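Presented below is the structure to which this report refers.
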Amino acid sequence: MRLAGRVALVTGASSGIGRAIALRFAAEGAKVIVNYLGGPDGDPKAASRKADAEAVVAACGGPDRAIAIAADVSVREQVEALVQGGVAAFGRLDIAVNNAGIEIKKPFLEVTDHEWDLVIAVNLRGPFLVTQTAVRQMMAQEPLPDMEARGKIVNISSTHEDIPFPQYTAYCASKGGVRMLTRNLAIELSPMKININSVAPGAIATPINQSVLQDPQETKNALSEIPWGRFGKPEEVAGMVVWLASPEADYVSGSTFYQDGALALQVTQY
Ligand code: NAD
């Protein structure tokens, strides 16, 4: 139980990597704030995300161990309400994982202003807002007696924070921004004893890759670029995040940890 006594927020935790991180945090003894993207009443996709988030709460051990809170990470008021709601439920916040993310595939000349702004808002403004709000809370509360770090921030970036990916320019720009957010804030937050690091997954089998996973030829193409020879699992990413959120990683800040079966070392073109 490496996270006993901690309270952890995971954004975009109703599916994929975020879900796996929430479940693993709970198994390691943390209380978990399961964020999901809400939506208008009657929107079936929003209802499905809510049901998925509630299932994650149940799998974490129920309302004593986790809470589901809707918030769009790109909207300051919703992020502040998310952190306040989590603190009202569990009393504090020790760990925040910026996992929520989206991608839009399009040739650069066809990308609209709205599509560009949406990807940057979720993937880069979201981590800015969540990190700032979380750090303010971490600095306002009493430190835990068994923690040198006052808090931990983990960003789920991507190998595409560094490796180009044609037709995903907004996504790559957003994740490149997360890389520099991580490096810059490591300097600013270290005197506050708050760590910030990124995990950069390669190809993980989650809903974001549904179109690739459902197409045998695209799956074959993707596998040919992964020296390890398979897609990664969300649980593997969760294992890395637990380590970064634990005291074992207190002296680690400002780094990106690739978790990609050596994909980033091999890919030369798409
Ligand atoms: P996913 O689509 O299952 O997860 C993304 C989650 O973010 C979803 O639950 C979605 O509802 C949520 N979300 C979207 N917009 C939101 C918003 N405005 N506010 C709150 N939540 C929002 O896919 P995933 O693979 O689990 O992705 C998780 C993270 O991992 C993303 O940041 C993604 O870029 C990153 N990543 C994934 C892969 C991969 O191969 N799966 C590779 C590299 C990086």
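The values are calculated or read from the model by the stated rules, or taken from the named source; none is laboratory data. None of these values were measured; they are calculated from a predicted model. Methodologically, a virtual Cβ is constructed for each residue, glycine included, from the backbone with ideal geometry; neighbour enumeration extends over all protein chains shown. These accessible areas exclude ligands, DNA and RNA; they are computed on the full protein's heavy atoms, side chains included. Shrake-Rupley method; radii C 1.70, N 1.55, O 1.52, S 1.80 Å.
In region 161-175, what residues are open to solvent by 20 Å² or more (accessible area, probe 1.4 Å) and of a type outside the set (D, E, K, R)?
Within region 161-175, Ile163, Pro164, Phe165, Pro166, Gln167, Tyr168, Thr169, Tyr171, Cys172, Ala173 meet the criteria.
When Leu118 is evaluated against the numbered criteria (1) open to solvent by 50 Å² or more (accessible area, probe 1.4 Å); (2) in contact with a Ser or Thr (Cβ under 6 Å, 6 or more places away or on another chain); (3) within 14 Å of the ligand (Cβ to nearest atom), which criterion, by number, is the only one it fails?
Leu118 satisfies every listed condition except (2).
Kindly list the number of the only condition in (1) closer than 17 Å to Val199 by Cβ; (2) open to solvent by less than 20 Å² (accessible area, probe 1.4 Å) that fails for Thr133.
Here Thr133 meets the rest and fails (1).
Six or more apart or on different chains, Cβ under 7 Å: which pairs go from a residue in region 12-28 that's near the ligand (Cβ under 7 Å from one of its atoms) to one that's open to solvent by 30 Å² or more (accessible area, probe 1.4 Å) and acidic (Asp, Glu)? Could you list them?
Matching pairs, first to second residue: Ser14/Asp52; Ser15/Asp52.
The rows are residues; the columns are (1) touching a helix residue (DSSP H, G or I) at 6+ places or on another chain (Cβ under 7 Å); (2) modelled with pLDDT of 95 or more.
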residue: Thr206; (1), (2): yes, no
residue: Asn209; (1), (2): no, no
residue: Glu218; (1), (2): yes, no
residue: Asn221; (1), (2): no, no
residue: Val237; (1), (2): yes, yes
residue: Met240; (1), (2): no, yes
residue: Ala249; (1), (2): yes, yes
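Please work out if Gly261 is within 16 Å of the ligand (Cβ to nearest atom), out of contact with any Leu (no Cβ under 6 Å at 6 or more places or on another chain) and part of a loop (DSSP other than H, G, I, E, B). Reasoning before the result, please.
On the way: within 16 Å of the ligand (Cβ to nearest atom): yes; out of contact with any Leu (no Cβ under 6 Å at 6 or more places or on another chain): yes; part of a loop (DSSP other than H, G, I, E, B): yes.
Answer is yes for this residue.
Collect the residues in region 147-160 that are within 22 Å of Thr11 (Cα to Cα) and open to solvent by less than 50 Å² (accessible area, probe 1.4 Å), keeping them in residue-number order.
Applying the first criterion (within 22 Å of Thr11 (Cα to Cα)) to region 147-160 yields 149-160.
Across region 147-160, the qualifying residues are Ala149, Gly151, Lys152, Ile153, Val154, Asn155, Ile156, Ser157, Ser158, Thr159, His160.
For the subset of region 208-217 comprising residues that are open to solvent by 80 Å² or more (accessible area, probe 1.4 Å) and within 15 Å of the ligand (Cβ to nearest atom), which member is farthest from the chain's Cα centre (by Cα)?
So the residue we want is Gln214.
Checking Ala200 against (1) free of Cβ contacts under 8 Å to residues at least 40 places away in the same chain; (2) within 12 Å of the ligand (Cβ to nearest atom); (3) of a type in the set (A, V, I, L, M), which single condition isn't satisfied?
Looking at each condition in turn, Ala200 falls short on (1).
Filter region 230-246 down to the residues that are within 15 Å of the ligand (Cβ to nearest atom) and open to solvent by 10 Å² or more (accessible area, probe 1.4 Å) and list them by number.
Once the filter is applied, which keeps residues that are within 15 Å of the ligand (Cβ to nearest atom) and open to solvent by 10 Å² or more (accessible area, probe 1.4 Å), region 230-246 yields Arg230, Phe231, Gly232, Lys233, Pro234, Glu235, Glu236, Gly239, Met240.
Just give me the residues in region 83-121 being acidic (Asp, Glu) and within 19 Å of Gly16 (Cβ to Cβ), in sequence order.
The answer is Glu103, and nothing else.
Under 8 Å by Cβ, and 6 or more places apart or on different chains, what pairs join a residue from region 110-132 that is over 14 Å from Lys175 (Cβ atoms) with one that is open to solvent by 40 Å² or more (accessible area, probe 1.4 Å) and among the hydroxyl-bearing types (Ser, Thr, Tyr)?
If the second residue must be open to solvent by 40 Å² or more (accessible area, probe 1.4 Å) and among the hydroxyl-bearing types (Ser, Thr, Tyr), the pairs left are Val111/Thr169.
Scanning region 1-11 for residues that are outside any strand (DSSP E or B) and in contact (Cβ under 8 Å) with a residue 40 or more places away in the chain, which turns out surrounded by the fewest Cβ atoms within 10 Å (Cβ to Cβ)?
First pass over region 1-11, keeping only residues outside any strand (DSSP E or B): 1-6, 11.
Remaining after also requiring in contact (Cβ under 8 Å) with a residue 40 or more places away in the chain: 2-3, 5-6, 11.
Details: Arg2: 16, Leu3: 23, Gly5: 14, Arg6: 24, Thr11: 28.
Only one residue tops the list, namely Gly5.
Considering only region 218-270, state which residues are polar (S, T, N, Q) and under 19 Å from the mean Cα position of the chain (by Cα).
Of everything in region 218-270, those that are polar (S, T, N, Q) and under 19 Å from the mean Cα position of the chain (by Cα) turn out to be Ser246, Ser253, Ser255, Thr256, Gln259.
Has region 81-94 got any residue that is without any contact (Cβ under 8 Å) to a residue 24 or more places away in the chain, aliphatic (A, V, I, L, M) and farther than 23 Å from Asp43 by Cα? Break it down stepwise before answering.
The first filter runs over region 81-94 and keeps only residues without any contact (Cβ under 8 Å) to a residue 24 or more places away in the chain, leaving 81, 84, 88.
Filter again for aliphatic (A, V, I, L, M), leaving 81, 88.
Checking which are farther than 23 Å from Asp43 by Cα leaves us with 88.
The answer is yes; a qualifying residue exists.
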